[in-house]
Amino acid sequence: MTPLFPGVFKLHSDSQFEYYKVAVDSGVRMLEGATVTACRKYGLEAACTGFSGCVYNDESKCQVVPIEPYCGYNPMRGLSKAICDGNTDSRKCAKLEGVFGYMKGSSEGDYGVVGGDWVAGEEHTSGEGAKTFFAYCAKAR
C-alpha cells in the first residue's frame, strides 16, 4: 500500500467519507484519545466506533460515519466489511493489522488489532519493538 504522504494511507471511500489509517508517533501509548490526536495531526477526525449516541463515542472527539453502524467493543467492523471481502471481523482483516479505533471511556485505552487479535491500547506503545501503530480516521468528502 502506497502512502498518500508519509504515514497516511487511504483505505476506502464512499459517497460521504474517505477512510484512512495514519501512523501514530513513536513513543505514544495507545490510551484513550491517542487515535484522536494522531488523526487531527493530519487534518482528519477519528472515526467513531458506532452510530450517533453510541456509548463509546464522544462526538466532540470523533466523527460518526455511516460505514460503522455497530456500537461495541469491536471498532472497525464496517471498514473491515468494506475492505476485506465482506468480513466484519477486523481481527481477520490483514489490512487492519496494527490499526486502533477510538473508544470513549475505556480505561484500557483505544482498541486495535495486533497479531490477529483484539488488544487494549494501554498495553501497546507505537514504535516499541519497531512496531508502528495506526489510527483509524475519516474525512468528509
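The values are calculated or read from the model by the stated rules, or taken from the named source; none is laboratory data. Not measured: the values here are computed from a predicted model. Cβ atoms come from the backbone with ideal geometry, glycine included; neighbour counts cover every protein chain shown.
Working only within region 52-67, note down all residues that are under 14 Å from the mean Cα position of the chain (by Cα) and either modelled with pLDDT of 95 or more or polar (S, T, N, Q) (or both). First the steps, then the outcome.
Applying the first criterion (under 14 Å from the mean Cα position of the chain (by Cα)) to region 52-67 yields 56-57, 61-65, 67.
Scanning region 52-67 gives 57, 61, 62, 63, 64, 65, 67.
Out of the residues in region 103-122 meeting the condition of being of a type in the set (D, E, K, R) and out of contact with any Lys or Arg (no Cβ under 9 Å at 6 or more places or on another chain), tell me which one is modelled with the highest pLDDT.
Applying the first criterion (of a type in the set (D, E, K, R)) to region 103-122 yields 104, 108, 110, 117, 122.
After this cut, where a residue has to be out of contact with any Lys or Arg (no Cβ under 9 Å at 6 or more places or on another chain) as well, the list is 108, 110.
Details: 108: 91, 110: 94.
Among those residues, the one meeting the criterion is 110.
Identify the single condition in (1) surrounded by 24 or more Cβ atoms within 10 Å (Cβ to Cβ); (2) in a loop (DSSP other than H, G, I, E, B); (3) at pLDDT 95 or above that residue 49 does not satisfy, given that it satisfies every other one.
Condition not satisfied by residue 49: (3).
Quick one: in region 52-108, of everything that is of a type in the set (Val, Ile, Thr) and touching a residue at least 24 places away in the same chain (Cβ under 8 Å), which residue is surrounded by the most Cβ atoms within 10 Å (Cβ to Cβ)? Outline the logic, then answer.
Taking region 52-108 first, the residues of a type in the set (Val, Ile, Thr) are 55, 64-65, 67, 83, 88, 99.
Still in the list and also touching a residue at least 24 places away in the same chain (Cβ under 8 Å): 55, 65, 67, 83, 99.
Working: 55: 10, 65: 24, 67: 20, 83: 19, 99: 27.
That would be 99.
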